[in-house]
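No value in this document is a laboratory result; all are computed from the given coordinates. These figures come from a predicted structure and were not determined experimentally. Positions of Cβ are generated from backbone atoms using ideal geometry, with glycine treated the same way; all protein chains shown enter the neighbour counts.
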């Protein structure tokens, strides 16, 4: 999976020292819009100020190898969803691409009392 860590390495000029575990509060689903992963990944590399993670899926039009069904003769990948760490990046990507659904998860600051 293409992520900020796999693109820039552990220490990058753009992001500094990237931690191994980082939070993604914004998740975008692209559904059946059939976006090429290279297009979205280059957009993220150039425009995202925070961390990102691009998740792809194998389209049903891909052709499997007859001798080895685990391998593909022709593999077609499309973007399934994108995880972002910054709300500013989320606004820009919504302007650039059509997004089918959005999930924004914020930290819950309310402390719950234990049940009696």
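A simple spin-label model places the labels of residue 96 and residue 23 2.4 nm from each other, with each point 7 Å out along Cα-to-Cβ.
You can think of it this way: the chain between residue 10 and residue 57 has 14.3 nm of extra reach, that is 0.36 nm per residue less the Cα-Cα gap. If you model the chain as an ellipsoid using its alpha carbon gyration tensor, with each semi-axis the square root of five times an eigenvalue, the axes come out at 30, 19, 16 Å, biggest first. Sorted largest first, the spans of the alpha carbon positions of segment 28-95 along the three principal axes are 47, 19, 15 Å. Once the Cα atoms are used to define both axes, helix 87-96 deviates from the longest principal axis of the chain by about 40 degrees.
Which order results if 48, 56 are arranged by neighbouring Cβ count within 10 Å, fewest first?
Working: 48 21, 56 17.
Exposure proxy ranking, most exposed first: 56, 48.
Per-residue Cβ neighbour counts within 10 Å put 82, 93, 104 in the sequence 104, 93, 82, beginning with the fewest.
Take the Cβ-Cβ distance between residue 73 and residue 42 as r, set R0 to 30 Å, and report the resulting FRET efficiency rounded to the nearest 0.05.
Details: r = 26 Å, r/R0 = 0.88.
Step by step, r from the Cβ atoms, then E = 0.70.
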